[in-house]
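Engineer: Please see the structure below; I have some questions.
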Amino acid sequence: GGSYPQKNAEILSSQYGINLFLAGLLLTFAWAVHAVGISKSHLLSYLITLMFIQLLWMLWYLCRSCTQRRLIRDKDRHAGACWLKCGITLFAVITLILDSFKIGYYIDFSNCLSPTEGIFPVTHAVHTILQVYFLWCHAKDIIQSFKTLERFGVIHSVFTNLLLWTNGVLTESKHQLNEHKERLITLGFGNITIVLDDHAPQCNCTTTTLCSIFSQGIYYLYPFNIEYHILASTMLYVLWKNIGRKVEHHQQHKTPFKFHGITVGMVFGLIVLTSTIAIVVVYLIQIGRSKVKSELALTMFYLHAIFVLALMCTAGIVALLIYRLEERSLDNSKNPARKLDAELLVGTAAGSWLLSWGSILAIICAQAHPKYTWYNLPYSVLVIIEKYIQNLFIIESIHREQEKANDDIKTLRIVTVSQGSTLSLTPSYKEIYNGRAARGSGEVPCLFKGSICGRENDGGGRAKEEMSQENSSAMHSASDFSFYSRNSVTNNKRRILKNIAAFLFLCNLSLWIPPAFGCRPEYDNGLEEIVFGFEPWIIVVNLAMPFSIFYRMHSAASLFEVNCKT
């Protein structure tokens, strides 16, 4: 009967969080379309209130934890991995730089900006610092006291971060749209007459140079802010799912990251990363300069992406084939963090799949096809296939049980000494346990022949003992060769899998960079706008692109875990 109140608390808290999010989402949408009576100050006031409530809850939780620090608490060893905490700390540091830029921007335009635009970055900076500290200290907690109150506090934090993520995505998308229209006009799509809304301040800047640095720098830092909030929301969601959970206490297996044995994967991955950065730089310089330069930039991007995606598909297929050759059981234990990882992989991949199918249909249905648009067809097909293969590889990898030492390799060798000379090695522990060494002669196996058995078999047993030693030696030489060969094959498979995981890790980081920093052919191609219409396609891209960007970062994080686990 005690489970019903807790289940009701879970349902009530989740409904509270959803309504909190929907109200903020509607307010964000109203500000974006310039709804009557809704301004940016209303949206920021709502976000400031949510962050203030979360700050109060985190402070209360930290103080209560400090008073109970001597109590032994259950921990979820799968949640809040060290590398994940380091990643969110890096994004948080860049987010603090973004907040400082916003504060400087507000100071320069303070004559015509609402005070909430100055209060928001200050509150957000304090919220970021305390939240990162909270996640470092308590991401693994399994809360067993004040469960109903904690459910509401944690779910409030989850949806507060999701709303901050939505606000960042919208702000960054509006900036991309303004640049997108200029590029389309350069490419010759002059029939697009839609006027985009502009939320720029209606006054002059006090310091022109600083204003330019702040306004431009903010949009280059937004991708890190977006990743920070989505990572924080996922870590907090796992904490929410762990409230009241009963865990099985078993030995924890540490999986540290090692560079040893992954040189090949790292080298090829770094080549892809370096070339991708070069492609993005050239793309951003050339796109929008002229029609010829824009078409060359798009062609260059598509050819590079096709080559990288083909390599990733090949690597993923090889890894799956290796898994098919192995016989290892899957870990089906209850694990909220692992379940969330798998759901996020498939769910966020749907964003890029939607864009790819839209591009494929546009190429099929369009009446005119500029030359560069044909490269979009294999690119879109490979995006679908690559994510399909990579998701299979990652999900199977995180569900496979960690490799345990093989009993055939863990053999007990006892060196026997008789009359001052070393004799041959005795049978392995496994063979002694199963009685295989004694089946041929019908005797109990002798572990210390120079002591016990030697005294019992003096005289006629000498010849018999020497013969059994020779047979045992021959048997172990063949057995050891079999052990070493199997061990060598296993190590080679592990080495290949680790190199594939390292290569895919760097490739996903590489493919995260272009869309995160404005290199988006889905915007600049122009063919989809003709087929679907400008506004419908822009809506599709703005909805799907954040999930596509998050997919690459989440895949990179999952592949890092796979590399440590393999």
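Engineer: Only one of (1) at pLDDT 85 or above; (2) crowded, with 18+ Cβ neighbours inside 10 Å fails for A9. Which number is that?
Structural biologist: (1)
Engineer: Then there is this: Here is a check on your reading of the model: is F152 in a helix (DSSP H, G or I) and open to solvent by less than 40 Å² (accessible area, probe 1.4 Å)? Talk me through it step by step, then tell me what you get.
Structural biologist: On the way: in a helix (DSSP H, G or I): yes; open to solvent by less than 40 Å² (accessible area, probe 1.4 Å): no.
So F152 fails the test.
Engineer: So, one more: Out of everything in the range 367-377 that is in contact (Cβ under 8 Å) with a residue 24 or more places away in the chain and not in a loop (DSSP other than H, G, I, E, B), what residue ends up being most open to solvent (accessible area, probe 1.4 Å)?
Structural biologist: Only one residue tops the list, namely K371.
Engineer: Same structure, new question: When you check V318 against the structure, is it over 29 Å from the mean Cα position of the chain (by Cα) and either at negative phi or open to solvent by less than 20 Å² (accessible area, probe 1.4 Å) (or both), yes or no? Talk me through it step by step, then tell me what you get.
Structural biologist: Working: over 29 Å from the mean Cα position of the chain (by Cα): no; either at negative phi or open to solvent by less than 20 Å² (accessible area, probe 1.4 Å) (or both): yes.
The answer is no for V318.
Engineer: In the list L135, L84, L130, L113, which residue meets the criterion of being in contact (Cβ under 8 Å) with a residue 40 or more places away in the chain, under 25 Å from I213 (Cβ atoms), of a type in the set (A, V, I, L, M) and in the same structural domain as I230 (by the TED database)? Before the answer, list the steps.
Structural biologist: Numbers: L135 fails: under 25 Å from I213 (Cβ atoms); L84 fails: under 25 Å from I213 (Cβ atoms); L130 fails: under 25 Å from I213 (Cβ atoms).
The conditions single out L113.
Engineer: Also: If I ask for residues that are of a type outside the set (F, W, Y) and either open to solvent by 60 Å² or more (accessible area, probe 1.4 Å) or touching a His at 6+ places or on another chain (Cβ under 7 Å) (or both), which ones from the range 104-136 would you list?
Structural biologist: Pass one, the range 104-136, residues of a type outside the set (F, W, Y): 104, 107-108, 110-119, 121-132, 135.
Once the filter is applied, which keeps residues that are of a type outside the set (F, W, Y) and either open to solvent by 60 Å² or more (accessible area, probe 1.4 Å) or touching a His at 6+ places or on another chain (Cβ under 7 Å) (or both), the range 104-136 yields I107, N111, P115, I119, V122, V126, I129.
Engineer: Okay, moving on. Would you call L50 under 25 Å from N242 (Cβ atoms), open to solvent by less than 20 Å² (accessible area, probe 1.4 Å) and touching a residue at least 40 places away in the same chain (Cβ under 8 Å)? Explain how you work it out, then say what you get.
Structural biologist: Values: under 25 Å from N242 (Cβ atoms): yes; open to solvent by less than 20 Å² (accessible area, probe 1.4 Å): yes; touching a residue at least 40 places away in the same chain (Cβ under 8 Å): yes.
For L50, the condition - under 25 Å from N242 (Cβ atoms), open to solvent by less than 20 Å² (accessible area, probe 1.4 Å) and touching a residue at least 40 places away in the same chain (Cβ under 8 Å) - is met.
For (1) farther than 30 Å from M300 by Cα; (2) open to solvent by 50 Å² or more (accessible area, probe 1.4 Å); (3) not small (G, A, S), each residue gets a yes or a no:
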| position | (1), (2), (3) |
| --- | --- |
| A337 | yes, no, no |
| W353 | no, yes, yes |
| G358 | no, no, no |
| I364 | no, yes, yes |
| Y379 | no, no, yes |
| Y388 | no, yes, yes |
| I395 | yes, no, yes |
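Engineer: For the range 13-45, enumerate the residues that are free of Cβ contacts under 8 Å to residues at least 40 places away in the same chain and assigned to a helix (DSSP H, G or I). Please lay out each step first, then the result.
Structural biologist: To start, the set of residues in the range 13-45 that are free of Cβ contacts under 8 Å to residues at least 40 places away in the same chain comprises 15, 19, 22-23, 26-27, 29-31, 35-38, 42.
Scanning the range 13-45 gives Q15, N19, L22, A23, L26, L27, F29, A30, W31, H42.
Engineer: Taking the criterion of being over 26 Å from A556 (Cβ atoms), of a type in the set (D, E, K, R), out of contact with any Asp or Glu (no Cβ under 6 Å at 6 or more places or on another chain) and in contact (Cβ under 8 Å) with a residue 40 or more places away in the chain, would at least one residue in the range 523-533 satisfy it?
Structural biologist: Let us first name the residues in the range 523-533 that are over 26 Å from A556 (Cβ atoms), namely 526-533.
In the following step, the residues that additionally are of a type in the set (D, E, K, R) were identified as 528-529.
Those still in the list that are out of contact with any Asp or Glu (no Cβ under 6 Å at 6 or more places or on another chain) too: 528-529.
Adding the requirement that they be in contact (Cβ under 8 Å) with a residue 40 or more places away in the chain leaves 528-529.
Checked against the condition, which is being over 26 Å from A556 (Cβ atoms), of a type in the set (D, E, K, R), out of contact with any Asp or Glu (no Cβ under 6 Å at 6 or more places or on another chain) and in contact (Cβ under 8 Å) with a residue 40 or more places away in the chain, the range 523-533 yields at least one hit.
The values are calculated or read from the model by the stated rules, or taken from the named source; none is laboratory data. These numbers come from a predicted model, not from an experiment. For neighbour counting, all protein chains shown are included, and Cβ atoms are generated from backbone atoms with ideal geometry for every residue, glycine included. Please note that ligands, DNA and RNA were not included when accessible areas were found on the heavy atoms of the full protein model with its side chains. Shrake-Rupley method; radii C 1.70, N 1.55, O 1.52, S 1.80 Å.
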